[in-house]
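Below is one structure, written out as structure tokens, with a few remarks after it.
Only the coordinates and a few stated rules stand behind these numbers; no lab work does. In this text, all values refer to a predicted model and were calculated from it rather than measured experimentally. Cβ placement follows ideal geometry from the backbone for every residue including glycine, while neighbour counts extend to all protein chains displayed.
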Protein chains: 2
Amino acid sequence: MRYPDAIDKLIEALRKYPGVGRKTAERFALYTVNRLNDEAIDEIVDAYLRIKEDIFKCPICGNITDTDPCYICKDQSRDKSTIIVIEEAKDLIVMEKTNKYHGLYHVLNGAISPSDGIGPEDINIKGLLVRLKDETIKEVILATNLSNEGETTAQYISRLLQDSTILVTRIAHGIPAGGNIEYADEITISKALEGRRKL
Amino acid sequence: MRYPDAIDKLIEALRKYPGVGRKTAERFALYTVNRLNDEAIDEIVDAYLRIKEDIFKCPICGNITDTDPCYICKDQSRDKSTIIVIEEAKDLIVMEKTNKYHGLYHVLNGAISPSDGIGPEDINIKGLLVRLKDETIKEVILATNLSNEGETTAQYISRLLQDSTILVTRIAHGIPAGGNIEYADEITISKALEGRRKL
């Protein structure tokens, strides 16, 4: 007594996603069978295939992109003297929504988390150090989340740069501790940017 | 300022699922980009393609299946005199887990819900009436959920059969009202089966 093999396979595949347990994956799979027509399934399949084909990390900043370099790095009108360091590409999207910042970004694609076995070498810090050799960069704004991982990562990077001439700042409080940047509203993020302090 | 097109496409595709809003779809899409390798994405794609290719509704009972007829309908050892009517194939899975029932099933693939514009003709009731012309069937057990839709559907079917010689019963209380059969434990479902009453 079980589901047809194809349904079990889809359930197992969808369980890969964070917060998706057996019951949820089962509901998604049965919804696919009962409510999605072939056209809708093709849309999903094409979307996944395009992710595989088109998407990569920007070799300069680590942002997820389908152009080399990404639309931020190739934008000549941006202020090349400042880099905001963020954990995920989605944080960049929220930052840009504020229209308060016109510099560059560096996406770590993660944060230091010893408990998850994620060390400094597992996130995009080396790429940041390479960029900082360029003397046009005057300030690094650390905008990792106000979580243990984000704070640890900010402290680690600021220590790496303590002997350099680059101004290292931390995004201001204003974003509630434990909260993620992606959920913060634009005013809160604007205030956090304005209130940044030297570490 | 936006995500690459391929990511927007995946976000839109995943939003088709019940309970998946913009933020959740975004999280799934970025997880796909940041954490799933090509192999993992291929598994998901293959699973969707197999759903399209292998899965269909059993022409006899409406169960989702990859064999014609489904493994229940083709099992000669099952008691052909009783049919349990359920809303979804997942309810059949839970019923079978009890090992208390060895008859047949009829999967409506939905329930009557005027507010959602779902009428009797939109679910698999016509197929049930065709099956009931076979005189070997002595009892129909209505095991739709104890929700408004499930109750309406049960009442509708029992009215259709009130002049027939077939015994029409309703699964017993025991499953909490408003709850769905898929979440009930096996003992509760066994009790509900034992306590069924004539309508």
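Suppose R0 equals 51 Å. What FRET efficiency, 1/(1 + (r/R0)^6) with r the Cβ-Cβ distance, do B:GLN155 and A:ASP68 give to the nearest 0.05? Walk me through the numbers before you get to the answer.
Working: r = 63 Å, r/R0 = 1.24.
Between B:GLN155 and A:ASP68 the formula returns 0.20.
Please give the residues of region A:99-116, grouped as numeric ranges, whose backbone N is less than 19 Å from a label point set 7 Å along the Cα-to-Cβ vector of A:TYR183.
Correct set: A:110-111.
Taking H as built 1.01 Å from N, whose amide H comes closer than 5 Å to the amide H of A:VAL85, not counting residues under 5 places away?
For A:VAL85, whose amide H was placed from the backbone, the distant partners under 5 Å are A:HIS106, A:ILE141, A:LEU142, A:ALA143.
Using just the helices of the protein assembly as shown, give the 222 nm mean residue ellipticity in deg cm²/dmol: DSSP H runs with n ≥ 4 each add -39,500 (n - 2.57), and the total is spread over all residues, rounded to 500.
Dividing the helical sum by the residues of the protein assembly as shown leaves -12500 deg cm²/dmol.
Subtract the Cα-Cα distance of B:GLU135 and B:ARG78 from 0.36 nm times their separation in residues, and report this length gain in nm to one decimal.
Full-extension gain reported as 18.9 nm.
Give the separation of the Cα centroids, region B:100-169 to region A:40-98, in Å.
Computed from Cα coordinates, the inter-centre distance equals 52 Å.
Between A:LEU49 and B:ILE166, what is the label-point separation in nm under the 7 Å Cα-to-beta-carbon projection?
4.4 nm
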